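Participant: Below is one structure. I have some questions about it.
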Amino acid sequence: MGKEQTIVAKFGGSSLADAGQFRKVKEILCQNPARRYVVPSAPGKRSRDDVKVTDLLYTCYEKASRGEEYRTVLKKIQSRYQEIIDELKLSVSLDDEFEMMEQAFLNRAGEKYAASRGEYLNGILLADFLGYEFVDSAEVVRFDRNGNFESERTNFFLSDRLINIERAVIPGFYGADDAGNIHTFSRGGSDVTGALVARAVCADLYENWTDVSGFLLTDPSIVDHPKKIDTMTYSELRELSYRGATVLHEEAVFPVRREGISIHIRNTNRPTEKGTLICSSIAPEDEVPITGIAGKQNFVAISIAKNRMNAQVGFCKRLLEAFEENHIAFEHMPSGIDTICVILPRDVYLEKKEAVMASLERLLAPDKISVDEDMALVTVVGKGMRSVSGIAARFFTALGNASVNIKMIDMGSNEINCTVGVSNKDFETAIRALYYALAA
Ligand code: ASP
């Protein structure tokens, strides 16, 4: 007999927004007994203009810690959970938890503590509903006291704890330092917790259940009904998330990638749909030239010109030093013989403009510095681009035909992406043109 399968299933906020969604989750879990470890988010939006419990918690904490009236919001939060308890006829009560929480808010326990209660309380309810053991993430997900996540210690604590538990609910998004202070990942961080649990239990699969049936080839608010992506590699996922595709938290890939655990994005509301599978490699016959198209607006390009720059030893080192000493991480650095260009987010540039310019002048003594403050970056990602000829021709022809002026081109050295810089006003036109030329 083969080894028993283990699946870690993370459910996002909308998948657990009310009692009806809890029932769907239970049904999904019952369909496959391998789904042994469950990572919940806090209750999300039940409708378009609803408010996520996490957002209510931030608001409530802010009001309480400022001495303003906070009880109305607190009641709203409490009733979100109480409705679930009542409708599902759960035996647990959260009354004591809410009392403790209120005290902690008044004692200024911190906004991270406040935000984490969304997942914590939802985890208690879900564990009760499923009959799974509840494991408080504060005991197993470790941060240092400055709030930096500690991956190896977390892996140790998590695996040590879960090895003897057949089925558990581990709330997403937060952990604690050794003194017990709560820390959280950035928003959407339950995806990260799911990946950590998958690594710790050496899962066969990490399922990420959400309210969409996987990744779309591009942003549906720009292109009508874009195609869905069936499979992609971790690297392609990294490229697309970095450039703005927002189905999964950017950091969620690392813990599972190192263990070769695939991620399967699924839709809680349409569990029969195939979703998107993210894995380390894709069989050549399943490779498509273009996996996805994504982009972001509001970058600046700083171009530095200096005669014979190419012959100066250490020029690039000093250039990077100018950004390093201002604590700036840049996006791209296309170069020519006598010019080099650094692209960075516009808000970062505006905040540190004077200091950066001073550093560049001092370290490089350039002939000229010019700044283009109007740049959007559009990236086409696809491992298959490497092996199919003519893609670049179609890429540039599409932009030309759509009258999009290209300000910058950067072909990633891993050859799975090609990025162009265009004017912010051409951003959507460029994405549409590329989609219809390369992917439709
Ligand atoms: N509840 C948190 C948020 O709204 C974390 C998560 O859902 O992953 O960001």
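The values are calculated or read from the model by the stated rules, or taken from the named source; none is laboratory data. Predicted model only: the values in this text are computed from it and were never measured. Backbone-built Cβ (ideal geometry, glycine too); neighbour counts: all protein chains shown.
Participant: Considering only the stretch 115-144, state which residues are within 14 Å of the ligand (Cβ to nearest atom) and out of contact with any strand residue (DSSP E or B) (no Cβ under 8 Å at 6 or more places or on another chain).
Facilitator: ARG117, GLY118, LEU121
Participant: Taking only the stretch 129-142 into account, find how many residues are part of a strand (DSSP E or B) and either polar (S, T, N, Q) or under 12 Å from GLY175 (Cα atoms) (or both).
Facilitator: Counting residues in the stretch 129-142 that are part of a strand (DSSP E or B) and either polar (S, T, N, Q) or under 12 Å from GLY175 (Cα atoms) (or both) gives 1.
Participant: Between ARG23, ARG35, which is over 22 Å from LEU196 (Cβ atoms) and away from the ligand (no atom under 16 Å from the Cβ)?
Facilitator: ARG23
Participant: A follow-up question, please. Test each condition in (1) surrounded by fewer than 21 Cβ atoms within 10 Å (Cβ to Cβ); (2) within 30 Å of VAL247 (Cβ to Cβ) for ALA376 and report the one that comes out false.
Facilitator: All conditions are met except number (1).
Participant: So, in the stretch 143-167, exactly how many residues are in a loop (DSSP other than H, G, I, E, B) and within 25 Å of ALA127 (Cα to Cα)?
Facilitator: Counting residues in the stretch 143-167 that are in a loop (DSSP other than H, G, I, E, B) and within 25 Å of ALA127 (Cα to Cα) gives 5.
Participant: Let me ask another. Out of THR246, THR218, I need the residue that is more than 16 Å from the ligand (Cβ to nearest atom), among the polar types (S, T, N, Q) and either out of contact with any Gly (no Cβ under 8 Å at 6 or more places or on another chain) or in a loop (DSSP other than H, G, I, E, B) (or both). Which one?
Facilitator: Residue meeting the stated conditions: THR218.
Participant: I want to confirm something. Restricting to the stretch 137-180 and keeping residues that are surrounded by fewer than 16 Cβ atoms within 10 Å (Cβ to Cβ) and farther than 23 Å from GLU259 by Cβ, which single residue is farthest from the chain's Cα centre (by Cα)?
Facilitator: Selected residue: ALA179.
Participant: Still on this structure: Restricting the stretch 168-184 to residues that are assigned to a strand (DSSP E or B) and among the aliphatic types (A, V, I, L, M), which is farthest from the ligand (Cβ to nearest atom)?
Facilitator: ALA168
A quick yes/no check of all residues on (1) within 16 Å of the ligand (Cβ to nearest atom); (2) under 28 Å from the mean Cα position of the chain (by Cα); (3) without any contact (Cβ under 8 Å) to a residue 12 or more places away in the chain:
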position	(1), (2), (3)
LYS52	yes, yes, no
GLU87	no, no, no
VAL92	no, no, no
ASP95	no, no, yes
TYR113	yes, yes, no
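Participant: Consider only pairs whose beta carbons are under 8 Å apart and that are at least six residues apart or on different chains; among these, list those whose first residue lies in the stretch 402-413 and is loosely packed, with under 15 Cβ neighbours inside 10 Å and whose second residue is at pLDDT below 90 and assigned to a loop (DSSP other than H, G, I, E, B).
Facilitator: From the stretch 402-413, the pairs are ILE409/PRO334.
Participant: Turning to a different aspect of this structure: ARG386 is checked against (1) exposed (fewer than 14 other Cβ atoms within 10 Å of the Cβ); (2) free of Cβ contacts under 8 Å to residues at least 24 places away in the same chain and fails just one. What number does that condition carry?
Facilitator: (2)
Participant: Same structure again: So which residues in the stretch 128-164 are among the acidic types (Asp, Glu), closer than 27 Å to ARG23 by Cα and touching an Asp or Glu at 6+ places or on another chain (Cβ under 9 Å)?
Facilitator: The one that is among the acidic types (Asp, Glu), closer than 27 Å to ARG23 by Cα and touching an Asp or Glu at 6+ places or on another chain (Cβ under 9 Å): GLU133.
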